[in-house]
Amino acid sequence: MATIFEVHTAHPDAQYAAQAAQAVFDLVDRLERELSRFLTNSDVARINGLAAGASTRVTPTTLECLVIARHLYDLTGGAFDVSIGTGLPLLELDPDGLVVRAREGGVRIDLGGIGKGYAVDLAAELLEEWDLGASLVHGGFSSVLVLEPPPALEGWALTLSDPAAPARLLARLSARQAALSASGLRKGDHIRDPRTGEAVRGRRAAWTLVPRPETAKADRAPREGPRMAAAAVADALTTAFMLLGLEEIESICAASPGLEAWVLPEAGADGSADLMHFAAPVEP
Amino acid sequence: MAGEEDKNKVMPPIAAGGPRKLDRRDVLKGLSTVPALGLFGYAWQQQRQYDQATLQATAAPAAAGDVQELNIALIGAGAQGQVLTDAMLRIPGLRFRAVCDVWTEYNLRRVVNILRRFKHEPNAYEDYREMLDKEKELDAVVIATPDFWHAPHTVECLKAGKHVYCEKEMSNTLEGARSMVAAARETGKLLQIGHQRRSNPRYLHCYEKLLNEAKLLGRIVTINGQWNRAVAADLGAPDRYAIPEERLKQYGFKNMHQFRNWRWYKGLGGGPIVDLGSHQIDIYTWFLGTNPSAVMASGGLLYYDPATHEWYDTVMVVYDYQTPQGPVKAYYQTQTTNGSQGYFENFMGDQGTLLISESELNYAGKIYRDPNAPAWDEWIQKGYISAPKLQELQSQEEKSGAIADVRESVSPDEHTVPVVLRDPYHQPHLQNFFDAVRGKAKLNCPPEVGYESAVSVLKVNEAIDAKSILAFKPEDFHI
Ligand SMILES: NC(=O)c1ccc[n+]([C@@H]2O[C@H](COP(=O)([O-])OP(=O)(O)OC[C@H]3O[C@@H](n4cnc5c(N)ncnc54)[C@H](O)[C@@H]3O)[C@@H](O)[C@H]2O)c1
């Protein structure tokens, strides 16, 4: 995934912790082999080469990542689109047979916007398998997942800062059992709306926080999905929240208690931009 | 945020708010009240229903159809066993009947679970003998256990009447390797050794078309190759899944650390030259068409703790080959402290250079024409190699009318080997094995070939100790 993965963990035996981290890195390498679009024999490369009506078998993890991507596509009305406008709905996913079939040719997917988060989700499960419940794992700093905090702390300290001016701190959070994902533009960067192909204006950065579901914590046996992948979902929503209207962001957050989003708009005429925060109202 | 009412408000600057606490109980409240809605019902089930409707007419690509179904088992469900399983799941006509692994708590369970997801119903075994006793219908067994187990596992499977695919290194000892060749001959069963490059379409293309037919390199005089790996922590295991000591001993391991890091221990693995080098030295021999005549090597434990690393971590080797075209010197290095340039093989002839590796990402096949070599147009037209990448400084002379533009020596034309692998790395070699079991192909790496390769690499360990050049006799490779 051409990025840095890091594991922070609290455990009395440093060697044990290092071995667990090594197992995480091996896992990330395996996912990269399945999901990289540049590797001609990856699952994704084979999917991208499918002619109309052709199908290919993929690993359970690839299929699961695609199912999550497809769900987020539907949820965001196509604002999060791993096919970047080439027709994600034309891919039929069969979770039972682990088969992907292209109804038409020419669909090109790039799981870059979700793969890091998905890898981080699986890494977190692995760390729990190793009983390293007090851990933080991230991919490229943009997909962060925190489990329990280190002893004596209430949460992992995280910050949000302005991508155009990294010294400008926007918010401090203290989080546990959650995924936090970031997407932002530096000067000269731009992103395109997959629905229109147009460059997007008006947003400088977005962050999404997704709590981990209880089930992920409870079930510590080796698992083969399906799973509620908090960091993958956070990655995808963050990308979508760079383009969606504020009302749409608000309504997605309202339908998903626990989900929180922050949006940093483009600076106004006076050069200032204030961070906006979205979250569902919590019932008393 | 707990108690947050205004969901669309501007966040106060940090100083005013201070660190926020995310209380899990509050955050999750309400989750269960909106089950299949919004984000958290991302609804595997829904997706499934949606897809089933459209999938009804779709045949899975791996549906057996007209191929003869084979009953298979896996012994050794570790890292490589899982890679092989992923590849086999894509090969039509295979039915997993059993999986055997002594790490029942972890690896065995994981692989059995994956197979169940693919609708196989394998029985799980700790002891391979019990498996062979009970699973009478097996046609073939795939073995991916630590090297020192290869000979006993392979020999017993062959004697039980199964065809065998055994991972490289064939064995960590020559006696072990010999017993495997003998068992294959005695039983008449097939034995494929897991040097998977022998079935890789790019390597086959280079061997058959570029070297043998077009002879693009002219006479190969030197080779260099390497497999460099970055420093890595020793492998570990989750405490909760540790294997009881008694069982470890029963299967030849002193403790969990040795069980996970068997490669580094004498008597269990064959050292880095066997672990990494054997793949590539096998290619040297294959492409040159002859076994080496001598070897010298320097190796040592330069970096790791000798208490947990009995083998050297670094080795540099020079082989001599005597080919019908003349002598060849072939260099190989493997080290485990810096991953610079990864792994590749580079064949250098008097007319060209072939740089390849198994990776589809790095060194996936480039061939360079020496400026003095005959034109390669014919081979470009035949599609054996790509057209050359245009040279930037191409023709200063033409533009300026000068006789010569004085510069660095001209670099050779770079062509691409136009063959890529679309399947997982091990799939073609496994496919070749199962085709052979069905009587439709010849093995690409029968035990005799695996044995020759074992002779070449195991000698390196001797040469390191001897600190001198060791000669091979042609009969060393025959059995
Ligand atoms: N062809 C290749 O490219 C390639 C790549 C990696 C490994 N390999 C080979 O695959 C083999 C396995 O390597 P690995 O990296 O998977 O090692 P590993 O330690 O990850 O896996 C070995 C597995 O075998 C099991 N095992 C050990 N003794 C056993 C026994 N007596 N009966 C049943 N199961 C037993 C272990 O529990 C473990 O699950 C080695 O021979 C290695 O050289 C080949």
Taking R0 as 51 Å, what FRET efficiency do you get between A:Ala51 and B:Ser298 from their Cβ-Cβ distance, rounded to the nearest 0.05? 0.45
So between B:Leu361 and B:Asp476, what do we pick up on full extension, going 0.36 nm a residue minus the alpha carbon distance? 37.7 nm
Antiparallel bridge percentage (DSSP; both residues within segment B:70-197; nearest 5): 0 percent
Within straight cross-link reach of B:Lys266, meaning Cα distance under 12 Å, which aspartates and glutamates are found once same-chain residues fewer than 8 apart are removed? B:Asp147, B:Glu310
Taking beta carbons within 10 Å but only from partner chains, what does the mean come to for residues B:101-111? 1
1/(1 + (r/R0)^6) with r = Cβ-Cβ of B:Glu126 and A:Glu154, R0 = 30 Å, i.e. FRET efficiency to nearest 0.05, evaluates to 0.10
Using alpha carbon centroids, what distance separates segment A:81-115 and segment B:135-176, in Å? 40 Å
Subtract the Cα-Cα distance of B:Ile469 and B:Ser411 from 0.36 nm times their separation in residues, and report this length gain in nm to one decimal. 17.3 nm
Pairwise label distance in nanometres, A:Gln22 with A:Ala167, each label 7 Å out on the Cα-Cβ vector: 4.2 nm
For A:Ile4 paired with B:Glu137, estimate the spin-label separation in nm (one decimal), with each label point 7 Å from Cα along the Cα-to-Cβ line. 5.4 nm
Just order B:175-184, B:270-279, B:229-238 by mean Cβ neighbour count inside 10 Å, highest at the front, would you? B:270-279, B:175-184, B:229-238
Which FRET efficiency, nearest 0.05, do B:Arg219 and B:Arg185 yield, Cβ-Cβ r, R0 30 Å? 0.25
Within 10 Å of each Cβ in peptide A:169-178, how many partner chain Cβ atoms are there on average? Round it to a whole number, please. 5
Loop-only GluC sites (Glu not before Pro) in segment B:92-160, please: DSSP not H, G, I, E or B, and at most 13 other Cβ atoms within 10 Å. B:Glu137
With respect to the cross-link table entries B:Lys136/B:Lys459; B:Lys168/B:Lys209; B:Lys389/B:Lys459, which display a Cα-Cα separation exceeding 31 Å? B:Lys136/B:Lys459; B:Lys389/B:Lys459
How high is the relative contact order of segment B:70-198, in percent, with contacts defined as C-alpha pairs under 8 Å that are six or more residues apart? 23 percent
Report the antiparallel proportion of the DSSP beta bridges in the protein assembly as shown as a percent, rounded to a multiple of 5. 75 percent
Once you charge only the Cβ atoms, +1 for Lys and Arg and -1 for Asp and Glu, what is the size of the charge dipole of chain A about its Cα centre, to the nearest 20 debye? 680 debye
If I model a spin label as a point 7 Å beyond the Cα along the Cα-Cβ vector, how far apart are those points for B:Glu462 and A:Asp131 in nm? 4.7 nm
Average beta-carbon neighbours from other chains, 10 Å sphere, peptide A:252-259: 6
Mean-position separation - Cα centroids, segment A:1-60 and segment A:119-187, in angstrom: 19 Å
Would you compute, from DSSP H runs of 4+ residues alone, the mean residue ellipticity of the protein assembly as shown at 222 nm, taking -39500 (n - 2.57) per run and dividing by the full residue count, rounded to the nearest 500? -9000 deg cm²/dmol
Neighbour cut-off at most 14 other Cβ (10 Å), DSSP loop, chymotrypsin sites (Phe, Trp or Tyr not before Pro), segment B:169-248: none
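Read-outs: derived from the displayed coordinates by stated rules, not from any lab. This is a predicted model, so every value here is computed, not measured. Note: ideal-geometry Cβ built from the backbone for every residue, glycine included; neighbour counts use all protein chains shown.
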